[in-house]
Amino acid sequence: MNKLPPEAIESLKAFLREDVRSGDITTNAMEPLNAEAMGTINSKGKSILAGLTETAAIADFSGLKYEILAFEGNWVDVREPVMRMTGPAKTLLIVERLCLNIIQRMSGIATMTYKMVQAARKENPNVRIAATRKTTPGFRFFEKRAVEIGGGDPHRYALDDMVLIKNNHVDIVDGVTEAVRMAKEAVSFSKKVSCEARSIQEGMDAVKAGADIILLDNFPPADIEKFVSVLKEQDLRNTIILETSGGIDESNVAEYAATGIDIISSGALTHSYKASDFNMTTKLK
């Protein structure tokens, strides 16, 4: 299994503390719960599997042994076992819901990402499907990792990853050209500068000001194609990365991919996915 960074392990421990608080009063009331038991996590539907690395980490710091029965990034089917844990029955019952919550959510994100990637690349083999910062506070690392497991790009993780000039930045400094100039003067050459555009003219202003990435936000596909044509006419298409975002999901991602865009960013990956369904069955050994 891939190892998680220390901060992710600390998050998982915090999630467990949130659930247990002063103790599991139901489990503590049951007599045979110090006996050795086995818990098997099973898929209840077809999905791209994610979250096993996190579940293995929970098992490790909870003192449980585990066996991986399936692989992250692969499809799992109905009633397919994906992981088996052994140890005190009490511990299995305490960690059950946390393990399932993580696997269900991460697998849901990975599945949606996979479907969008496959649909988009039928039209444009080189396009990237990327996440956004529209994530659940405290759960961003796991949501971004699930996107990667599904074949997507995590995009920037936090505000210090790259420069992304949004419309509000542009309005504050009175124009795209000035915003890009200020950004390029203020940050290291190692940081890419992306600039959001609300029109073809704003996009061209950002290109001429030296932006590395143009984010065509809420552009319909026809307008993206027009912008691509303008860049080609001026022999600028290969000098810039084109990204689009705004209302893109499984239903329309192929249409956007067909415009020749480089990156499609979708907040839906982390805020509008459907969680996959898993359960855990237990028995005394």
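The values are calculated or read from the model by the stated rules, or taken from the named source; none is laboratory data. Quick caveat: nothing in here was measured; it's all calculated off a predicted structure. Please note: Cβ atoms are built from the backbone with ideal geometry, for glycine as well, and neighbour counts cover all protein chains shown.
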Hey, does segment 191-200 have a residue that's modelled with pLDDT under 95, part of a strand (DSSP E or B) and closer than 27 Å to Ala258 by Cβ? no
Filtering segment 207-250 down to residues that are of a type in the set (A, V, I, L, M, F, W, C) and assigned to a helix (DSSP H, G or I) yields Val207, Ala209, Ala222, Ile224, Phe227, Val228, Val230, Leu231
Looking only at segment 113-140, which residues are of a type in the set (Gly, Ala, Ser) and out of contact with any His (no Cβ under 6 Å at 6 or more places or on another chain)? Ala119, Ala120, Gly138
Number of the exception - Met116 against (1) closer than 27 Å to Gly247 by Cβ; (2) within 15 Å of the chain's Cα centre (by Cα); (3) surrounded by fewer than 17 Cβ atoms within 10 Å (Cβ to Cβ): (3)
Taking segment 148-195, which residues are closer than 22 Å to Ser266 by Cβ and either among the polar types (S, T, N, Q) or in the same structural domain as Gly108 (by TED's automatic domain parsing) (or both)? Asn167, Asn168, Ser194
Which of the residues that make up segment 1-53 are polar (S, T, N, Q), within 28 Å of Glu72 (Cα to Cα) and in a loop (DSSP other than H, G, I, E, B)? Asn2
When you scan segment 145-187, how many residues do you find that are assigned to a helix (DSSP H, G or I), farther than 17 Å from Ala211 by Cβ, of a type in the set (D, E, K, R) and in contact (Cβ under 8 Å) with a residue 24 or more places away in the chain? 1
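Have a look at Glu67, Glu54, Glu80, Glu31 and point out the one that is modelled with pLDDT under 95, in the same structural domain as Phe278 (by TED's automatic domain parsing) and acidic (Asp, Glu).
None of the others qualify; the one that does is Glu31.
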Look through Arg156, Arg121, Arg145 and report the one residue that is farther than 24 Å from Phe219 by Cβ and charged (D, E, K, R). Arg145
Anything in segment 122-132 that is of a type in the set (D, E, K, R) and either in a loop (DSSP other than H, G, I, E, B) or touching a helix residue (DSSP H, G or I) at 6+ places or on another chain (Cβ under 7 Å) (or both)? List them, or say none. Lys122, Glu123
Filtering segment 7-54 down to residues that are surrounded by 16 or more Cβ atoms within 10 Å (Cβ to Cβ) and among the β-branched types (Val, Ile, Thr) yields Ile9, Thr27, Thr40, Ile41, Ile48, Thr53
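Among Tyr66, Tyr114, which is the only one that is in a helix (DSSP H, G or I) and of a type in the set (Phe, Trp, Tyr)?
Answer to the check: Tyr114.
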